[in-house]
1. Within the stretch 2-15, restricting attention to residues that are exposed (fewer than 11 other Cβ atoms within 10 Å of the Cβ) and at negative phi, which residue is modelled with the highest pLDDT?
2. Show the residue pairs that are 6+ apart or on different chains and have beta-carbon atoms under 6 Å apart, the first residue being within the stretch 39-59 and crowded, with 16+ Cβ neighbours inside 10 Å, the second being at pLDDT below 95 and of a type in the set (Val, Ile, Thr).
3. Could you please find all residues in the stretch 25-38 being in a helix (DSSP H, G or I) and surrounded by fewer than 16 Cβ atoms within 10 Å (Cβ to Cβ)?
4. With (1) open to solvent by 40 Å² or more (accessible area, probe 1.4 Å); (2) of a type in the set (S, T, N, Q); (3) touching a residue at least 24 places away in the same chain (Cβ under 8 Å) as the list, and Thr80 as the residue in question, which single condition is left unmet?
Amino acid sequence: MRYVALACDYDGTLASDGRVAEPTLEALRRLRASGRKLVLVTGRELEELISVFPDLDLFEWVVAANGALLYEPSTRTETT
């Protein structure tokens, strides 16, 4: 079976001490370039996430605020 999407958490999964390492970003870029979709799932509020992680455009969707907000980086659309 081929996986078509990866959903992952931010803190403690992608980020250590609130920062995403360059090798992790490169792996995400390769995954996206392979045609797969990325979904970021986090308990953080969207504004805070945007301020600490400028690479949100790597993701198709962001599920933020413990599931209370769905954000589409490509269109900057928020759904609550």
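1. Residues of the stretch 2-15 that are exposed (fewer than 11 other Cβ atoms within 10 Å of the Cβ), as a first pass: 2-4, 12.
Subset that is at negative phi: 2-4.
Numbers: Arg2: 80, Tyr3: 83, Val4: 94.
The residue in question is Val4.
2. Matching pairs, first to second residue: none at all.
3. Going residue by residue through the stretch 25-38, those that are in a helix (DSSP H, G or I) are 25-33.
Residues satisfying the conditions are Leu25, Glu26, Ala27, Arg29, Arg30, Ala33.
4. (3)
The values are calculated or read from the model by the stated rules, or taken from the named source; none is laboratory data. Everything numeric in this text was worked out from a predicted model, so none of it was measured. So basically every Cβ, Gly included, is an ideal-geometry build from the backbone, and we count neighbours across all protein chains shown. Quick note on the areas: whole protein, heavy atoms, side chains included, nothing else; ligands and nucleic acids left out. Shrake-Rupley method; radii C 1.70, N 1.55, O 1.52, S 1.80 Å.
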